[in-house]
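Reading through the structure tokens given below for one structure.
Any read-out appearing in this document is the output of simple, stated calculations on the displayed coordinates, not a laboratory observation. Because the structure is a prediction, the values reported are computed rather than measured. Cβ: placed from backbone, ideal geometry, glycine included. Neighbour counts: every protein chain shown.
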């Protein structure tokens, strides 16, 4: 064991703690997304104010991007451990390399159906992108219904349409972000 080994092992321990902290934050973000989307949707229905549904896609975009940010940093940490830190420890750290090989073979076999596939039916994507899409569809249907039955003024319609369009763009960008993160 050379003089740098304890320092490198301390760095490894710190990096694992950072990855665990970020993973915990990720799941807190998922829980916040599900709870907030449910609360906003429930309040929107109870208050008969469909305009509140337009909050959900923007919130989904913001929280989804935070989730992806932490996912990216976790991947960077594991890549650093595998490519840099393990090399300086004479390849003694094997977990990251082994995990990467195992996941790569699982993904190669059936990428669409694996948890690492990031397909549009992945539960995490559904929690962000799916919820946003459902809120957009509900807001559109309710908006059209209100336009037909109540004939709101042009500025209400224009504001609602603008809000819906901004939400649709945010949801599309979130879709692209999840696709790139895969």
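A few points about this structure:
- Residue-span extension gain [residue 73 to residue 144] - 0.36 nm each, minus C-alpha spacing: 21.4 nm
- Using the Cβ-Cβ distance between residue 105 and residue 23 with R0 set to 25 Å, the FRET efficiency works out to roughly 0.65.
- For residue 181 and residue 156, the FRET efficiency from 1/(1 + (r/R0)^6), where r spans their Cβ atoms and R0 equals 30 Å, is about 0.20.
- Taking the fewest neighbouring Cβ atoms within 10 Å as the starting point, the ordered list for 154, 164 is 154, 164.
- Order of 60, 44, 177, 153 under a 10 Å beta carbon neighbour criterion, fewest first: 153, 177, 44, 60
- For the chain, the relative contact order comes to 31 percent (Cα pairs under 8 Å, sequence separation of at least 6).
- Dividing the convex hull volume of the alpha carbon atoms of the stretch 1-108 by its residue count gives 105 Å³ per residue.
- Intensity falloff of the stretch 61-103 expressed as log10 I(q)/I(0), Debye formula with alpha-carbon point scatterers, at q = 0.13, 0.18, 0.31 Å⁻¹: -0.36, -0.57, -0.99
- Extents of the chain, largest first, come to 78, 33, 23 Å (Cα atoms, principal axes, whole angstrom).
- Ordering 53, 121 by the number of other Cβ atoms within 10 Å of each residue's own Cβ, fewest first, gives 121, 53.
- Sorted peptide list for 82-90, 128-136, criterion being average Cβ within 10 angstrom, highest first: 128-136, 82-90
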